[in-house]
């Protein structure tokens, strides 16, 4: 499905409201004056409050499992607004809340 491309300023959180940010966006492709993100850039999560039976088990990172199939940057698939990721160490997902709304990809 086509979706808007993610960039550094896109709103991405774990399902427990921890902020997720790309570790290395690709600076040679810009969207809304911010670098695009690719599947190779791991996302780090900060501020996750998830716990299991009173023991903290926060999301630390997110690894993307779906991405664009036709749009690449530096030979890496870009991330789309409908891309999905799995957080480590607890296996929950992420929520993409905001993106730029000018460039779509597949």
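Before anything else, pin down the relative contact order of the chain: Cα pairs under 8 Å, at least 6 apart, normalised by residue count, whole percent.
36
Beyond 18 Å, what share of the Cα-Cα pairs of the stretch 3-99 is found? Please give it as a whole percent.
Working: 1873 of 4656 pairs.
Result for the distance tail: 40 percent.
Quick check on packing: order 63-69, 51-57 by the mean number of other C-beta atoms within 10 Å, highest mean leading.
The most tightly packed comes first, giving 63-69, 51-57.
Once you have the Cα-Cα distance between residue 69 and residue 106, take 0.36 nm times their residue separation minus that, and quote the gain in nm to one decimal.
12.7 nm
Among 80, 31, what is the fewest-to-most ranking by other Cβ atoms within 10 Å?
On the way: 80 25, 31 21.
Going from least to most buried by this count: 31, 80.
Using the count of nearby Cβ atoms within 10 Å as a rough guide to exposure, how do 7, 16 rank from fewest to most?
16, 7
Using 18 Å as the cut-off for backbone N distance, which residues of the stretch 39-63 belong to the label zone defined by a point 7 Å from the Cα of residue 17 along Cα→Cβ?
45-52, 54, 56-60
Within 10 Å of each residue's Cβ, count the other Cβ atoms and sort 60, 96 from fewest upward.
Least to most surrounded, the residues fall as 60, 96.
We did not get these values from a lab; they are worked out from the coordinates using the rules stated. Predicted, not measured: the structure shown is a model, and the values here were computed from it. Reconstructed Cβ throughout: ideal geometry from the backbone, glycine too, with neighbour counts over all protein chains shown.
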